[in-house]
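Notes follow the structure.
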Amino acid sequence: MPSAREADAKQMTVSVERIVDCPFSLVLGEADVIFAMVESPSGGVRVPYRDLGLPFAGAVKHGVAVKFRRQEDLAEWGRFHDEIAFDWKAQSRWLPDFQGVLRFRIETLKTRVILNGTYRPPFGWLGAAFDRVIGNHLALATCRDLLGRLALALEARWASERRASPSDLTTPSDARPQDHR
């Protein structure tokens, strides 16, 4: 149920995805680590200045209270695995709360990570007008940044796993692409 400050605003959706150089088998266990990072005082959500069209390094950062849970992924029929549902509370009346889900799909030897979410702009019609001009852009940039940080962490974890025991983690010869000339 929307609060009084959100009552006149339409629920908005955001969807971003990224291919991560990490096998599907490793991804779901590591995603929990990422949400712990977001929950930490140095974590939170952020929007890089470059995504705002500003020519300098850094980001606008804001702490959020995050709750996440594993649940059965019902969006991919025929394969049973989990997804991660999450809610973040912006802890500011100026920013919307966000409800989302992270889904993972096999992409050859990599993984496609998909973030879908919804939010309701604060302040009714005024917030909805702001959202049409810049708010949705900020939401997309925030989700892209979160997915980018997730991708970097997963790829770093996979690289360290390969360094730790390269013989166990190499691609089997029958799974390598074959050159048929």
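The values are calculated or read from the model by the stated rules, or taken from the named source; none is laboratory data. In this text, all values refer to a predicted model and were calculated from it rather than measured experimentally. A quick note on method: Cβ atoms are made from the backbone with ideal geometry, for glycine too, and the neighbour counts reach across all protein chains shown.
Here is the figure for the stretch 145-159: residues that are crowded, with 18+ Cβ neighbours inside 10 Å and under 11 Å from VAL20 (Cβ atoms) total 5. Residue pairs whose Cβ atoms lie under 9 Å apart, separated by 6 or more positions or on different chains, with the first residue in the stretch 96-121 and over 23 Å from ALA139 (Cβ atoms) and in contact (Cβ under 8 Å) with a residue 60 or more places away in the chain and the second buried (at least 22 other Cβ atoms within 10 Å of the Cβ) and basic (Lys, Arg), do not occur.
Of the residues screened, PHE56 is not one that is modelled with pLDDT of 70 or more, out of contact with any Leu (no Cβ under 7 Å at 6 or more places or on another chain) and assigned to a strand (DSSP E or B). Checking each residue in the stretch 88-103 for being of a type in the set (Lys, Arg) and either crowded, with 20+ Cβ neighbours inside 10 Å or outside any loop (DSSP other than H, G, I, E, B) (or both) picks out LYS89, ARG103.
Being among the β-branched types (Val, Ile, Thr) and part of a helix (DSSP H, G or I) is the filter; apply it to the stretch 1-42 and report the residue that is modelled with the highest pLDDT. In this case the residue turns out to be VAL27. State all residues of the stretch 104-144 that are surrounded by 18 or more Cβ atoms within 10 Å (Cβ to Cβ), part of a helix (DSSP H, G or I) and not aliphatic (A, V, I, L, M); if no residue qualifies, say none. Passing the criteria: GLY127, ASP131, GLY135, THR142, CYS143, ARG144. At pLDDT 90 or above, closer than 19 Å to VAL47 by Cβ, touching a strand residue (DSSP E or B) at 6+ places or on another chain (Cβ under 6 Å) and of a type in the set (Ser, Thr, Tyr): is that true of THR118 in this structure? Criteria met by THR118.
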